[in-house]
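The values are calculated or read from the model by the stated rules, or taken from the named source; none is laboratory data. A quick note: this is a predicted structure, and the numbers were derived from the prediction, not measured. Heads up, the Cβs are rebuilt from the backbone with ideal geometry, glycines too, and the neighbour counts pull from every protein chain shown. Heads up: the accessible areas ignore ligands, DNA and RNA and are worked out on the full protein's heavy atoms, side chains in. Shrake-Rupley method; radii C 1.70, N 1.55, O 1.52, S 1.80 Å.
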Amino acid sequence: MKVFSVFFFLLATVVATSRGSQDSSDSSCLSWRFAVEANNIRGWKTVPKECEKYVGHYMLGYQYRKDSKAVTDEAWRYVKSLKLPRDGRNIWIFDVDETSISHVPFFSKHGFGAEPINKTLAYEWVNKSKAPALPESLELYRKLLSLGIKVVFLTGRAEEWRKVTATNLKNVGYHTWEQLILRASSYPTNATVESYKSNEKRKLEEIYGYRIIGNIGDQWADIQGIHRGNRTFKLPNPMYYAP
């Protein structure tokens, strides 16, 4: 968590210094980000070039952290209001990328989503297992465990990334989980994130008998579809879109 905060502060200072006074496009970019988070703008490939500085400033500024905290605080209020049976079947689903861990260090060097993702460089970054935890999600994770709620990580990463994913999660504080689900090669390459995750959540409920108390992710595809859970929570991410 400290590593994330130091990185966040240093880069925020650089971005704030380089951009000087607010760009005239800030208001339109704020509206663009709002429409993205509201799922009104869909299927976009990259951040509009004129919004690169705006998105960078948002991701490295206090507002991103505040917005994330608003989501996880509401999730915690919801959980505390429940009277859950203590049968070991209560689970909470966490997405991984931009939910449990953050790739802001990578995107800060690649236009904050304004550049098409270079898969070779992205895979090299992921393979390092050095993505920091999103502090607000890590705090929620710990609170859920304290109530006896089990955590399932459900990611769109391919099965071949299991070791580096598990290593990264453990390195930043996610030390235990009920299941870590990655995308098996049996899924068609054209299968959407939503259809894949919906099917995996169906199996958790129908085959394994779990009760999905909550489900949190940074993409709408993480929390839509069937078997989405009793409550869903959407974290902000204006850097990329997963269909």
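In a simple Cβ point-charge model (Lys, Arg +1; Asp, Glu -1; nothing else charged), the chain has a dipole of about 640 debye relative to its Cα centre. Between 158, 75, 133, the Gaussian network model of the chain with springs among Cα atoms under 10 angstrom shows the greatest mean-square fluctuation at 158. A dipole drawn for region 13-142 from +1 and -1 charges on Cβ atoms has a positive end, and of 108, 62, 131 the residue lying farthest that way is 131. For region 154-243, relative contact order (Cα pairs under 8 Å, six or more residues apart, normalised by length) works out to 24 percent. When the accessible area of region 77-219 is computed with all protein chains present and a 1.4 Å probe, what percentage of it is carbon and sulfur? The computed percentage sits at 50.
How many Å² of accessible area per residue for the chain, probe 1.4 Å?
50
Phi angles across region 128-133 convert, under the Karplus curve 6.51 cos²θ - 1.76 cosθ + 1.60 with θ = phi - 60°, into 3J(HN,Hα) values of 7, 6, 10, 5, x, 6 Hz, Gly and Pro given as x. Proximity of backbone amide H atoms, modeled 1.01 Å from N, is registered between residue 183 and 157, 158, 159 at under 5 Å, excluding neighbours fewer than 5 places apart on the same chain. Can you tell me, using C-alpha contacts under 8 Å and at least 6 residues apart, the relative contact order of region 88-178 as a whole percent? Over region 88-178, the number comes to 43 percent.
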